[in-house]
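Participant: One structure, as structure tokens, below. Some questions next.
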Amino acid sequence: MDSVLKGKHIVLGITGGIAAYKSVTLLRLLVKAGAEVQVVITPAGKEFITPVTLSALSGKPVVSEFFTANTGEWHSHVDLGIWADLMVIAPATASTIGKMANGIADNMLVTTYLSAKEHVMIAPAMDLDMMAHPSTVRNLATLESYGVEIIEPAAGELASHLVGKGRMEEPENIFSRIEKYFLSQCDLKGKKVAITAGPTYEKLDPVRFIGNYSSGKMGFALAEECASRGADVTLVCGPVSLVTTNPNIVRVDVESAEEMLAAARQPFAEADFGIFAAAVADYRPEVRAQSKLKREGAEDMTLRLVRNPDIAATLAATKRDGQVFAGFALETDHEHENAFKKLHKKNLDMVVLNSLQDKGAGFGTDTNKITILSKDGTEKTFPLKSKRAVAADILDLMCSFK
Ligand code: PMT
């Protein structure tokens, strides 16, 4: 699977702080993920890290001055600002933060920032007293109000040997934030999404059924997340007591697995993204009694069950090129093994594994803890999150398949 960063244009700004050495690792991670990186360094930044190292790693000459001294070539901050899909300044010193907040455009980095059309992130790095100074606090708040994303520095031992907040965030974590940003840009406007949710009820007689504990929360969270990203969503759901809020969601209520399959056929055939979040009964009573089954004094009773259709397997069997289908796997043991089997057997692009072994995961909860297994063999585990945040993670990954 390609990284979401593949082909993205990133301006990496480096300023004059000891943490500049960490920018080399960040640059390597970005390039390795397939991003095109243009390094812009302040004059002070060059005292900490050499442009030769940076241009060798980025494969592009480093930009620092408005002109190249020997040729007089003009470096256009405006062009760079337009070219960039994202600008990241790491490390960002108190001085650069102050200039950015106040529009003091006396170097190539700050002029590029002022011309940047897309998102800007900064990773401050400085001594703890500078970090806590009211002017830094105010400047950061100003930048935040301009929409700049601040990657908070960590606390720890600083270059001054003092201990406190001011260490630039580790390059791997900055890289994750960058990845997250691009993933969150996944826009579903004009896309169709089909989702199954909730339990199915398999009738025994007019008053009894075989069912399960699914509340529908996971499927509904997915529907709301997709709709809020602009998708037209069809939500085929079993008996639940939830309501949808987004007008882009068309809800189709069903009861049994057979009804769910019938209602899901067309939406899934037309969908760009299909998600099977329902907990479907694998079996149903062979006979549905027309009137209430009576005890008639019997000490026991045998019910004959017949297999229900596998909705995911049936609909994914005719999956077209360009369609991305995700299923769930609700497991209690041998989680990975079972989830991988479902991924392949049902012809899915990914399987979202949730285990009843994990507290706060699975049925009825407002949270879930998932691992997503993809058909290319990759695996991503997420911490316990709200079902809405889990839905966002699932969609971000599904979008990266497109
Ligand atoms: O609804 P909540 O209370 O929020 O709980 C969420 C959930 C636990 C129900 C959800 O996260 C989840 O795991 N859904 C799938 C539950 C399940 O039935 O898993 P499974 O491992 O038995 O099925 C595997 C996949 O095949 C699932 O995508 C399922 O929807 C699908 N399936 C299964 C059987 C069947 N006959 N038809 C299907 O489509």
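Participant: Looking at (1) over 21 Å from the mean Cα position of the chain (by Cα); (2) farther than 19 Å from ALA263 by Cβ; (3) of a type in the set (S, T, N, Q), which is the one condition that is false for THR244?
Facilitator: (2)
Participant: Turning to a different aspect of this structure: Among the residues of the stretch 297-322 satisfying the criterion of being under 27 Å from GLU255 (Cβ atoms) and away from the ligand (no atom under 15 Å from the Cβ), which is surrounded by the fewest Cβ atoms within 10 Å (Cβ to Cβ)?
Facilitator: Keep residues of the stretch 297-322 that are under 27 Å from GLU255 (Cβ atoms), which gives 301-319.
This time we only want the ones that are away from the ligand (no atom under 15 Å from the Cβ), so: 301-304.
Numbers: MET301: 8, THR302: 5, LEU303: 11, ARG304: 8.
Top of the filtered list is THR302.
Participant: Taking ILE249, is it of a type outside the set (S, T, N, Q), buried (at least 19 other Cβ atoms within 10 Å of the Cβ) and away from the ligand (no atom under 15 Å from the Cβ)?
Facilitator: On the way: of a type outside the set (S, T, N, Q): yes; buried (at least 19 other Cβ atoms within 10 Å of the Cβ): yes; away from the ligand (no atom under 15 Å from the Cβ): yes.
When the stated conditions are applied, ILE249 passes them.
Participant: Give me the helices (runs of 4 or more DSSP H) completely within the stretch 114-219, filtered to those with at least 1 residues that are farther than 17 Å from MET87 by Cα, ordered by residue number.
Facilitator: Output list reads 128-132, 134-145.
Participant: When both residues are 6+ apart or on different chains and their Cβ atoms are under 7 Å apart, which pairs have a first residue that lies in the stretch 353-370 and is over 16 Å from THR381 (Cβ atoms), and a second that is more than 8 Å from the ligand (Cβ to nearest atom) and assigned to a strand (DSSP E or B)?
Facilitator: Taking only residues 6 or more apart or on different chains, the pairs are ASP366/SER386.
Participant: Yes or no: the stretch 379-398 includes at least one residue that is within 11 Å of the ligand (Cβ to nearest atom), polar (S, T, N, Q) and at pLDDT below 95.
Facilitator: Checking the stretch 379-398: not a single residue is within 11 Å of the ligand (Cβ to nearest atom), polar (S, T, N, Q) and at pLDDT below 95.
Participant: Taking GLU335 as the residue in question, decide whether it is within 8 Å of the ligand (Cβ to nearest atom), at pLDDT below 95 and farther than 13 Å from GLY274 by Cα.
Facilitator: Values: within 8 Å of the ligand (Cβ to nearest atom): no; at pLDDT below 95: yes; farther than 13 Å from GLY274 by Cα: yes.
Here the answer is no, as GLU335 does not meet what is asked.
For (1) within 12 Å of the ligand (Cβ to nearest atom); (2) over 25 Å from the mean Cα position of the chain (by Cα), each residue gets a yes or a no:
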position: ARG208; (1), (2): no, yes
position: MET218; (1), (2): yes, no
position: ALA221; (1), (2): yes, no
position: GLU225; (1), (2): no, no
position: GLY230; (1), (2): no, no
position: VAL240; (1), (2): yes, yes
position: GLU255; (1), (2): no, yes
position: LEU261; (1), (2): yes, yes
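Participant: Quick one: count up the residues across the stretch 272-296 that are touching a residue at least 60 places away in the same chain (Cβ under 8 Å) and within 16 Å of the ligand (Cβ to nearest atom). Give the steps one after another, and end with the answer.
Facilitator: At the first step, the residues of the stretch 272-296 found to be touching a residue at least 60 places away in the same chain (Cβ under 8 Å) are 272-281, 283-285, 288-293.
In the following step, the residues that additionally are within 16 Å of the ligand (Cβ to nearest atom) were identified as 273-281, 283-285.
Within the stretch 272-296, residues that are touching a residue at least 60 places away in the same chain (Cβ under 8 Å) and within 16 Å of the ligand (Cβ to nearest atom) number 12.
Participant: Still on this structure, I have one more. Just wondering, is there one or more residues in the stretch 355-370 that are away from the ligand (no atom under 12 Å from the Cβ), buried (at least 18 other Cβ atoms within 10 Å of the Cβ) and among the polar types (S, T, N, Q)?
Facilitator: Of the residues in the stretch 355-370, the ones away from the ligand (no atom under 12 Å from the Cβ) are 357, 359.
Applying the additional criterion that residues be buried (at least 18 other Cβ atoms within 10 Å of the Cβ) yields none.
Within the stretch 355-370 (the criterion being away from the ligand (no atom under 12 Å from the Cβ), buried (at least 18 other Cβ atoms within 10 Å of the Cβ) and among the polar types (S, T, N, Q)), the answer is no, since none of the residues qualifies.
The values are calculated or read from the model by the stated rules, or taken from the named source; none is laboratory data. Note that the structure is predicted; figures quoted are calculated from it, not measured. All Cβ positions, glycine included, derive from the backbone under ideal geometry; neighbour counts span all protein chains shown.
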